[in-house]
Amino acid sequence: MSASARNANGKSWPTLPLGEIAEVKLGKMLDKSKHTTGQRLPYLRNINVRWGSVDTSDLLEMHFKGDELDRFDLQKGDVLVCEGGEPGRAAVWNNSIPDIKYQKAIHRIRFKRPYEPRLLVYLLELLAKTGRLERRFTGSTIKHFTREAIVQLPIPTPPLDEQQRIVAEIEKQFTRLDAGVASLKRVQTALTRYRASVLKAACEGRLVPTEAELARKDNRSYETGEQLLRRILKERHAKWNGKGKYKEPGTPNVRDLPNLPTGWTWCSSEAVFSFVTSGSRGWAKYYSAAGSLFLRIGNLNHEDIRLDLRDIQHVEPPKGAEGTRTVVQHGDILISITADIGMVAVVPENLGEAYINQHVALARPVSSISTEYVAHYLSASQGGWKHLKKLQRGATKIGLGLDDIRSVPITLPPLAEQERIGAELERRLSVIEELEAVTSTELQRATRLRQSILQQAFAARS
């Protein structure tokens, strides 16, 4: 900001260092000795100060004694500015709670002369959101907005009535903008709920007409889910011939599972997977700028069953390296098994040579089922994801084992119905995705518009 700024009529306004027009004081340092003398009072932390508002729903208390009662008091109109965390985040204190104090992570700015405190908050927001405040911070990784820096911040000083007019105009435009943002966020919430309801309907046989209903209408027979399962198990046994003792896949306890539509049956995921494994550890030594893809947990998400390849890692493993068994094939289902478990993706055609790391399980479906149906079922909150969450274990690191992946109860409709469900899911989820993209774009536009409103309010002043 220059030494002077211009108002709408082109007249110059002087700018002054904040320290010349306001007292800047950090709050009380947390008392490590936890002394119990003085008054036990609530205090504000960095986390309580949001942009433009103070959240008092979660307050802590500590003891204040002697001159601390006055030194760390808050008055209506004080501006609270975060020293760390998100340095510069600011709000005006409205005196909603009497006799409250503040701690050292916050600067209290109290004006020495009449000044509209909201104008300072809006100026800080503009400077912070446009990256111009950061150059005043100290620290390379953890940033701080020190008192020494904040008192030197140049502040425009138009007449008080002009300050109030600027703030009134900003808030008039923000009110309209906030109403639009609230509507967009309601749309986002509705789309999230609709996505969940679509997946729930798919898991329960309510998304498309069932094969039983169509067969009855057309007066024909059909292969039920139970018959399909018997066929899968027979083919599985035949392929195992000569490989040693055959172990039948486990069966889920249906007493604890909901009833299914006519023609459906329950089975374990082991019954419909021909191969289950996870990636090997220690492949960081094979990282390279080019080569095969190395699929990690960050390439999966909860939103859909497509791989997210915006952030990719390449590897060049030597021939015969342990872990080459984890090279993926088209149609493989990938599942996150540590940290944020239950994210699912299907390996697409023409991905090229790719491997998985140890945080991802690979489940290869048998050829007699719809990969898309099984993947969507596993990802649905009312389907496989719910069972995976029950199976998670680990006190500090949530994790799943391969036996967990094999033991998930899966609903098995007739194959033709699986394919119809998969196609209908793809159609509806594509529409949802398009609407979510439009909503996200409009929210980003609203953010830019908010900055533009502030930029115009402080035109030639910041």
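Summary table below
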quantity	calculated
Residue that is farthest from the chain's Cα centre (by Cα) [pool: residues in the range 62-100 that are without any contact (Cβ under 8 Å) to a residue 12 or more places away in the chain and assigned to a loop (DSSP other than H, G, I, E, B)]	Asp67
Subset of the range 162-192 [β-branched (Val, Ile, Thr) and within 22 Å of Pro117 (Cα to Cα)]	Ile166, Val167, Ile170, Thr175
Unique match (being more than 25 Å from Trp240 (Cβ to Cβ) and in contact with a strand residue (DSSP E or B) (Cβ under 6 Å, 6 or more places away or on another chain)) among Ala339, Ala284, Ala345	Ala345
Candidates Gly291, Gly205, Gly225 - the one that is modelled with pLDDT of 95 or more and on the phi > 0 side of the Ramachandran plot	Gly205
Condition broken by Val121, with the remaining ones in (1) aliphatic (A, V, I, L, M); (2) touching a residue at least 24 places away in the same chain (Cβ under 8 Å); (3) assigned by TED's automatic domain parsing to the domain that holds Val49; (4) touching a helix residue (DSSP H, G or I) at 6+ places or on another chain (Cβ under 6 Å) satisfied	(4)
Filtered residues of the range 139-149 (kept if polar (S, T, N, Q) and surrounded by fewer than 13 Cβ atoms within 10 Å (Cβ to Cβ))	Ser140, Thr141
Ala437 being aliphatic (A, V, I, L, M) and farther than 20 Å from Ala201 by Cβ	yes
Test: residue in the range 308-328 that is closer than 23 Å to Leu429 by Cα, of a type in the set (A, V, I, L, M, F, W, C) and out of contact with any Phe, Trp or Tyr (no Cβ under 6 Å at 6 or more places or on another chain)	yes
Sole exception among (1) without any contact (Cβ under 8 Å) to a residue 40 or more places away in the chain; (2) among the small types (Gly, Ala, Ser); (3) closer than 20 Å to Leu415 by Cα for Gly225, by number	(1)
Selection status of His387, in contact (Cβ under 8 Å) with a residue 12 or more places away in the chain, surrounded by 21 or more Cβ atoms within 10 Å (Cβ to Cβ) and under 21 Å from Ala271 (Cβ atoms)	no
Residue tally, condition touching a residue at least 40 places away in the same chain (Cβ under 8 Å) and more than 20 Å from Phe111 (Cα to Cα), over the range 42-61	7
Residues satisfying the stated conditions in the range 18-50, i.e. under 24 Å from Glu148 (Cα atoms), assigned to a loop (DSSP other than H, G, I, E, B) and touching a Leu at 6+ places or on another chain (Cβ under 9 Å)	Gly27, Arg45
Any hit, the range 166-173, residues being outside the structural domain of Glu426 (by TED's automatic domain parsing) and farther than 26 Å from Ser440 by Cα	no
The range 398-411 residues that are within 10 Å of Glu270 (Cα to Cα), paired with ones that are acidic (Asp, Glu) (beta carbon under 6 Å, 6 or more apart)	Arg406/Glu270
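Each row is one residue, and each column tells you yes or no for (1) among the hydrophobic types (A, V, I, L, M, F, W, C); (2) closer than 28 Å to Lys172 by Cβ; (3) outside the structural domain of Leu454 (by TED's automatic domain parsing).
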residue: Val24; (1), (2), (3): yes, no, yes
residue: Thr36; (1), (2), (3): no, no, yes
residue: Thr56; (1), (2), (3): no, yes, yes
residue: Gly66; (1), (2), (3): no, no, yes
residue: Leu69; (1), (2), (3): yes, no, yes
residue: Arg108; (1), (2), (3): no, no, yes
residue: Thr138; (1), (2), (3): no, no, yes
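Residue by residue, here is whether (1) assigned to a helix (DSSP H, G or I); (2) at pLDDT 95 or above; (3) more than 20 Å from Leu26 (Cα to Cα) holds:
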| site | (1), (2), (3) |
| --- | --- |
| Ile142 | no, no, no |
| Glu148 | yes, yes, no |
| Gln152 | no, yes, no |
| Gln164 | yes, yes, yes |
| Val167 | yes, yes, yes |
| Lys172 | yes, yes, yes |
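The values are calculated or read from the model by the stated rules, or taken from the named source; none is laboratory data. In this text the structure is predicted, and so the values were computed from the model without any measurement. Cβ sites come from the backbone with ideal geometry, for glycine too, and all protein chains shown count toward neighbours.
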